[in-house]
Amino acid sequence: MAVITLLTDFGLLDGYPGVMKGVIWKIAPGAQIADISHSLKPQNILQGAIVLVQTAPYFPPGTIHIAVVDPGVGTQRRPIGLHLGEHYFIGPDNGLFTLVLERAEDQSAPIQLVHLNQSKYWLPEISHVFHGRDIFAPAAAHLAAGIPLTDLGTPISDPIRLEIPKPMRTSNGWSGEVIYIDHFGNLTTNLHTGHLESAKEVTISIKGVKINGLVSTFGERLPGTLVALLDSSGSFAISLVNGSAAQYLKVRVGDKVEVSINS
Amino acid sequence: MAVITLLTDFGLLDGYPGVMKGVIWKIAPGAQIADISHSLKPQNILQGAIVLVQTAPYFPPGTIHIAVVDPGVGTQRRPIGLHLGEHYFIGPDNGLFTLVLERAEDQSAPIQLVHLNQSKYWLPEISHVFHGRDIFAPAAAHLAAGIPLTDLGTPISDPIRLEIPKPMRTSNGWSGEVIYIDHFGNLTTNLHTGHLESAKEVTISIKGVKINGLVSTFGERLPGTLVALLDSSGSFAISLVNGSAAQYLKVRVGDKVEVSINS
Amino acid sequence: MAVITLLTDFGLLDGYPGVMKGVIWKIAPGAQIADISHSLKPQNILQGAIVLVQTAPYFPPGTIHIAVVDPGVGTQRRPIGLHLGEHYFIGPDNGLFTLVLERAEDQSAPIQLVHLNQSKYWLPEISHVFHGRDIFAPAAAHLAAGIPLTDLGTPISDPIRLEIPKPMRTSNGWSGEVIYIDHFGNLTTNLHTGHLESAKEVTISIKGVKINGLVSTFGERLPGTLVALLDSSGSFAISLVNGSAAQYLKVRVGDKVEVSINS
């Protein structure tokens, strides 16, 4: 049975994600649908791209991921479908798929991109403001029901890509930044395992506070202690044991993180 | 496989909607269940009626919609079941189904209403405060499992109806009001396509601000611009491009909207 | 088809519960998954224990309940599996299962406890911070797919138990406390049916306010009235009709409730 996931900034009040499930089940009655998140900040494409790349790989081969953060809905921005390795992705062409696409490229996975322009696979009436319901959900459902991706649209090779901030080399380490803050107030940076793997000892600076060394897990320090660690996605992160590092440090996405490596 | 939807004001903390799923799966093991919303304002029947009428039609024929906003739980208010065209509805008789019933009447769809008074289709023990779990979920599940609606209760013809505010004719247009505010801060009014279809040019006044003309989609204006448009349900709505019109205008449900038609 | 429930403090932003569904469906493709709550207060084990004991019994026999509130993730705290009567429970050994275990003991239900130490039933790579994804979800999925609980780990008999505050006898009744506050602001106490069943008349004191007598349901009093009643779980609770008792009385978990019985 096909698995479909939903990731949007639609919120939980209005029933917009529920409507997408209705549309899907009309076309692909047995589809199993999982909500990833509907609480992305409105219009925040980068946040959506990060949640998508961190969650999608855990789903079974053949899973179809619908992602909708769509400030350009109703304009010329294209609806697209992506086949990246073992997974499919459906949504607006605005950079939301940048990170899953980059990872597929890094892994030399098979890649196929289409402009979803075959309106017979959409709802009969298309609003200008809710393509999640009218285009993306039905397209994903037809894919789940066995229509090949290449029947849903025509090939493209120029998807929009987000500019993701990259860490910079410094004299004794890296200068990165906070790119994501989770529900617990953990700070995810744009530094990851690769940047630190040869490092024996590091000192981290953020908002004028220094953290010495990495821990493996929260339990190595007392509650209320600020720690740096590699998180469950292999990213370099800063946390407050049993608390919120974001609140404690008053950090926002985009704030700088300096890592000095004493190797 | 039967599809069941859940719409409540139960919130997401306590597991009340989850419990309803357990009750359903005990009676109708394979039912596919979609959450519409559990974030309705506590006791806000009008908000529930609006979300229900906007979401229900997108589900497959035969879908059973459970809706529970129930300030009168445990009193003499009746539990009811409705068969409206291709869909079923289950919940308290307090006006929550006014809009789906009106639409079925407008469409001359087949209509059947019952008072759910056959307690053999309820849980064995009925609390005075959680009929969602004890009456509505089991009744819907028995319906999903093949029991006819008419076995679940006795016919009625006098369901409670909400007084929904209606727009009024003015010398040069309509005076309506905001009846719903969504997650994005879009303002839905009680005016819809029918009120405006012959209008070439309109001027909208809300909270002392004037908006000239309608747009088809947000992308026609710059971010931060106030626009009026027909939303994804065909209702006349006011939005702020890439922002919240509700916050910008400090609007609440019930605030007036004046439309001058220059046709 | 196996039913699995999820109860966590992971929140709804980051997609952590969604990831667990992906992991489950890779191992047990047809599993039906219900979210109980992901909005528990971070690290609040007592809150999790209460929601779990109030929701689990409504699910079908054989249901597997995954519960994760896990301040000790990555430390020596054990991952455990419990077979309690007709249900299974999977999660950290930190007291989260105290109340479901106590109830199974009270009911003399069959009880089996194991330390989940068979890593072949985990994901291949285990992070130090997300055992919900790496250990609990795959263990539950293998159970759903037919692996016996006793194959997932070795028997234990010393699970961690929370100290749940117990009510105390007073000269003319009971002194209890608020142990849970729900979405509506209803106050659940640690007093239940058993403490009050012989009582004809009671007077309740909380935060200097007195309530005379119990009602059966909210509808017996006018909106805005403070009432005491037995809630849908048989617990003694205090509510404000059509409002929030928690806001009205400015109550927090742990605040005292005195009941004088005039029998």
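Summary of computed values
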item	result
A:SER239 vs. criteria in contact with a strand residue (DSSP E or B) (Cβ under 7 Å, 6 or more places away or on another chain), within 14 Å of chain C (Cβ to nearest Cβ) and without any contact (Cβ under 8 Å) to a residue 60 or more places away in the chain	yes
Residue among A:SER205, A:SER244, A:SER260 that alone is within 29 Å of A:PRO57 (Cα to Cα) and of a type in the set (Ser, Thr, Tyr)	A:SER244
From C:PHE89, C:PHE130, C:PHE136, C:PHE97, residue being touching a Leu at 6+ places or on another chain (Cβ under 6 Å) and under 24 Å from C:LYS26 (Cα atoms)	C:PHE89
Failed item in (1) over 21 Å from the mean Cα position of the chain (by Cα); (2) surrounded by fewer than 20 Cβ atoms within 10 Å (Cβ to Cβ); (3) touching a residue at least 60 places away in the same chain (Cβ under 8 Å), with C:SER233 passing the rest	(1)
Failed criterion for B:GLY74 (all others in (1) at pLDDT 95 or above; (2) at positive phi hold)	(1)
The listed residue being within 7 Å of another protein chain (Cβ to nearest Cβ) and either touching a helix residue (DSSP H, G or I) at 6+ places or on another chain (Cβ under 6 Å) or without any contact (Cβ under 8 Å) to a residue 60 or more places away in the chain (or both), out of C:PRO60, C:PRO79	C:PRO60
Checking A:ARG133 against (1) among the basic types (Lys, Arg); (2) crowded, with 20+ Cβ neighbours inside 10 Å; (3) in contact with a Gly (Cβ under 8 Å, 6 or more places away or on another chain), the condition it does not meet	(3)
Any hit, region B:60-70, residues being of a type in the set (Asp, Glu), over 15 Å from the mean Cα position of the chain (by Cα) and on the phi < 0 side of the Ramachandran plot	no
Matching residues in region C:12-21 - criterion: being part of a loop (DSSP other than H, G, I, E, B) and either in contact (Cβ under 8 Å) with a residue 24 or more places away in the chain or more than 9 Å from chain A (Cβ to nearest Cβ) (or both)	C:LEU12
Set B:VAL51, B:VAL114, B:VAL69: member being closer than 21 Å to B:ASP151 by Cβ and either of a type in the set (A, V, I, L, M, F, W, C) or free of Cβ contacts under 8 Å to residues at least 40 places away in the same chain (or both)	B:VAL114
Candidates A:TYR88, A:TYR121, filtered to the one that is touching a residue at least 24 places away in the same chain (Cβ under 8 Å), more than 21 Å from the chain's Cα centre (by Cα) and away from chain B (no Cβ under 14 Å)	A:TYR121
Test: residue in region C:134-153 that is within 20 Å of the chain's Cα centre (by Cα), among the small types (Gly, Ala, Ser) and at pLDDT 95 or above	yes
Test for A:GLU163: is it in contact with a strand residue (DSSP E or B) (Cβ under 9 Å, 6 or more places away or on another chain) and either of a type in the set (Asp, Glu) or in contact (Cβ under 8 Å) with a residue 12 or more places away in the chain (or both)	no
Residue within region C:34-45 that is in contact (Cβ under 8 Å) with a residue 40 or more places away in the chain and assigned to a helix (DSSP H, G or I) present	yes
Looking only at region B:243-263, and only at residues there that are touching a helix residue (DSSP H, G or I) at 6+ places or on another chain (Cβ under 9 Å) and at pLDDT 90 or above, the one that is farthest from A:LYS41 (Cα to Cα)	B:VAL259
Residue match in region C:62-76 (condition: in contact with a Leu (Cβ under 6 Å, 6 or more places away or on another chain), surrounded by fewer than 24 Cβ atoms within 10 Å (Cβ to Cβ) and not basic (Lys, Arg))	no
Count of region C:236-263 residues which are within 20 Å of the chain's Cα centre (by Cα), surrounded by fewer than 20 Cβ atoms within 10 Å (Cβ to Cβ) and not basic (Lys, Arg)	3
Verdict on B:LEU7 being aliphatic (A, V, I, L, M), on the phi < 0 side of the Ramachandran plot and not in a strand (DSSP E or B)	no
Matching option when the condition is farther than 21 Å from B:ALA56 by Cα and crowded, with 22+ Cβ neighbours inside 10 Å, among A:LEU6, A:LEU40	A:LEU40
Subset of region A:19-36 (residues that are within 21 Å of the chain's Cα centre (by Cα) and within 27 Å of B:SER244 (Cα to Cα))	A:MET20, A:LYS21, A:ASP35, A:ILE36
Residues within region A:222-235 that are farther than 21 Å from A:GLY176 by Cα and more than 11 Å from every other protein chain (Cβ to nearest Cβ), tallied	3
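Let's see how each residue does on (1) of a type outside the set (S, T, N, Q); (2) within 14 Å of chain C (Cβ to nearest Cβ); (3) farther than 26 Å from A:ILE33 by Cα:
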{"residue": "B:PHE10", "(1), (2), (3)": "yes, yes, no"}
{"residue": "B:VAL23", "(1), (2), (3)": "yes, yes, no"}
{"residue": "B:GLY30", "(1), (2), (3)": "yes, yes, no"}
{"residue": "B:ILE33", "(1), (2), (3)": "yes, yes, no"}
{"residue": "B:ASN44", "(1), (2), (3)": "no, yes, yes"}
{"residue": "B:ILE50", "(1), (2), (3)": "yes, no, no"}
{"residue": "B:VAL68", "(1), (2), (3)": "yes, yes, no"}
{"residue": "B:GLY72", "(1), (2), (3)": "yes, yes, yes"}
{"residue": "B:GLU102", "(1), (2), (3)": "yes, no, yes"}
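The values are calculated or read from the model by the stated rules, or taken from the named source; none is laboratory data. Quick caveat: nothing in here was measured; it's all calculated off a predicted structure. Positions of Cβ are backbone-derived with ideal geometry, glycine not excepted, and every protein chain shown enters the neighbour counts.
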